[in-house]
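Nothing in this text is a laboratory measurement; each read-out follows from the coordinates by a stated rule. This is a predicted model, so every value here is computed, not measured. Here Cβ is always computed from backbone atoms with ideal geometry, including for glycine, and neighbour counts include all displayed protein chains.
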Amino acid sequence: MLDQSYPFLMEKPMGVDAEEVRRVADRAAAKNAFVAVPLGQRYQPFVARARALVAEARFGPLSHVYFRLNRPTSARYVAWDAPWMLDPKQAGGGCLRNLGPHGLDLFLFLTGEDAQVTGAQLSSRALGQAVEDYASVLLRSQSGVLGTIEVGNTFPRLGTDGESKIAWRDAILVLKDDTLRLTTATGEETTSGAPTEPLALTALRDALDHWRRGAPPPISVHDCLRAVRLIDQAYALAGRRRG
């Protein structure tokens, strides 16, 4: 698609490691190509509210960010005719490679800074597959904001066990069960945190809108690369390699 100058949108992680994604990013940059990635968590109402509060800077310094996305069993990939998703050599890993970009990108997006992985642990204990079914990653941004990202495939039914949180010195904003809760010293404010449409649809609409206007992708392969580099760091720290 890059060789033929086709604009395109491709799902994360776009490669089995950062080196593969870097080659796509470099070629896209050289050709000034439109290569979008639907990292849909950016379109959560939680993110819009969090970024607005960060910009206001009225709650003191940013302290930490937490993100959990625990989806149903990875057996769903076999049901979808994608059994290769359970092969670490072909998929590049398990839930961290596939779901991790959402949380890692969100941390980078909310802090507006680069980050390093300071700790990571993986488990395949629940499902007994060759790929991990749960992962926990610790991050630290350039200015010292801490992050905890948890992703997994161990939710026991259709749906998601998820939570997002951003904390300052004087406030905490939490999204859980489609409810936004802002807690400060003066009390609590609760509002709906449910998106108005599926996040994947919002991401697709936004990418198409940018392409039609001749604008760069709203979320690009270069954004994906930043998250994938952190995934590689996490695998290295956890001692898990492909194959």
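Values as computed for the structure displayed
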| read-out | value |
| --- | --- |
| Total lysine pairs whose alpha carbons fall under 28 Å of each other in the chain (8 or more apart, or interchain) | 5 |
| Cα gyration tensor category, rounded, prolate or oblate, for region 13-92 with a/c compared to 1.5 | oblate |
| Computed helical MRE - 222 nm, the chain, DSSP H runs ≥ 4 contributing -39500 (n - 2.57), nearest 500 | -10500 deg cm²/dmol |
| Highest-MSF residue in the chain out of 128, 119, 93 [GNM, Cα springs under 10 Å] | 128 |
| Efficiency of FRET from Cβ geometry, residue 155 and residue 23, R₀ 30 Å, rounded to 0.05 | 0.30 |
| GNM top mover of 53, 39, 96 - the chain, alpha-carbon springs below 10 Å | 53 |
| Potential lengthening between residue 118 and residue 143 on full extension [0.36 nm per residue; Cα-Cα distance subtracted] | 7.6 nm |
| Environment charge at residue 175 (Cβ cut-off 12 Å; Lys +1, Arg +1, Asp -1, Glu -1) | +2 |
| Packing-based ranking, highest mean first, of 40-52, 76-88 given that Cβ atoms within 10 Å are counted | 40-52, 76-88 |
| Relative contact order computed over region 1-150 (Cα-Cα under 8 Å; 6+ residues apart), in percent | 22 |
| Region 93-144: trypsin sites (Lys or Arg not before Pro) falling in loop per DSSP and having at most 13 other Cβ within 10 Å | 125 |
| Pairwise centroid distance, computed over Cα atoms, of region 22-43 with region 79-147, Å | 19 |
| Tensor-based shape of region 1-156 (alpha-carbon gyration tensor, a/c under 1.5 rounded, otherwise prolate or oblate) | oblate |
| Dipole in debye (nearest 20) - the chain, about Cα centre, beta carbon charges: Lys, Arg +1; Asp, Glu -1 | 240 |
| Cα gyration tensor category, rounded, prolate or oblate, for region 147-242 with a/c compared to 1.5 | oblate |
